[in-house]
1. Could you work out [θ]222 nm for the chain from helices alone, using -39500 (n - 2.57) per DSSP H run of at least four and dividing by all its residues? Round to the nearest 500 deg cm²/dmol.
2. At 1.306 mPa s and 10 °C, plugging the Kirkwood radius over alpha-carbon pairs of the range 1-125 into Stokes-Einstein gives what diffusion coefficient in µm²/s?
3. What Kirkwood hydrodynamic radius do you get for the range 94-154 when you take the inverse of the mean 1/r over all pairs of distinct Cα atoms, in Å?
4. What are the principal axis extents of the Cα atoms in the range 25-92, in Å, biggest first?
5. So what is the diffusion coefficient of the range 53-154 in µm² per second by Stokes-Einstein at 25 °C and 0.890 mPa s, using a Kirkwood Rh over Cα pairs?
6. Pull out a ≥ b ≥ c, the square roots of the eigenvalues of the alpha-carbon gyration tensor of the range 1-54, then state rounded if a/c is under 1.5, prolate if not and a/b is larger than b/c, and oblate in the remaining case.
7. Looking at the range 1-84, which trypsin sites (Lys or Arg not before Pro) are in a loop (DSSP not H, G, I, E or B) and have at most 14 other Cβ atoms within 10 Å?
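What follows is calculated from the coordinates using simple rules that are stated; it is not laboratory data. Please read all numbers here as calculations on a predicted model, not as lab measurements. Using ideal geometry, Cβ is built from the backbone for each residue, glycine included, and neighbour counts are taken over all protein chains shown.
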Amino acid sequence: MRIVQKEVLLLEEKEVLRELWNEEYPARLNCKTMADFELYLNGLQNTKHYLLFDDLNRINGWAFTFLREEEDWFAIILDSQIQGKGNGSLLINELKKNNASLNGWVIDHENEEKQNATFYKSPMPFYIKNGFTILTEIRIENEKMSGVKINWKR
């Protein structure tokens, strides 16, 4: 596996990433069209993308950092086939090298359905293992997601 950092994504990469997003995130977070996905990405500030490529040069994971309300935020998505093998930690460690602090929203329950009708597994144990603090008093509850804020500081 190798990580490639970029600030601008190619259209082919965006198509692969939108598909990965829709397969791995809960269905209510889906980006139905490429226009929806572009709108989301274009709404982010100071974005840096980290693409995880396998030996066949396929994108299997994606993390990105961005600025929101004066804080550094991130998101990460891994193909479920490669989860639990250290690939997520590889990506998170790359983000940590380039940021003094990271904030994210994490779904902290397992009753969200994915588009393939299986249940989304909360990545909370992964974040705890990787040194994040769960800010239980700060939640997001809206039509897209229900989750808790997490933070990592160097």
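1. Numbers: 4 runs with 40 residues, N = 154.
Roughly -7500 deg cm²/dmol at 222 nm, from the helical runs in the chain.
2. Numbers: Rh = 15.1 Å.
Translational diffusion coefficient: 105 µm²/s.
3. Working: mean 1/r = 0.0794 Å⁻¹.
Computed over the range 94-154, the radius equals 12.6 Å.
4. Computed over the Cα atoms, the extents are 33, 28, 22 Å.
5. Numbers: Rh = 14.6 Å.
Roughly 168 µm²/s, to the nearest whole number.
6. Values: a/c = 1.89, a/b = 1.25, b/c = 1.51.
Oblate, since a/c reaches 1.5 and b/c is not below a/b.
7. Working: sites: ARG2, LYS6, LYS14, ARG18, ARG28, LYS32, LYS48, ARG58, ARG68; in loops: LYS32, ARG58.
Within the range 1-84, the qualifying trypsin sites (Lys or Arg not before Pro) (loop, at most 14 other Cβ atoms within 10 Å) are LYS32, ARG58.
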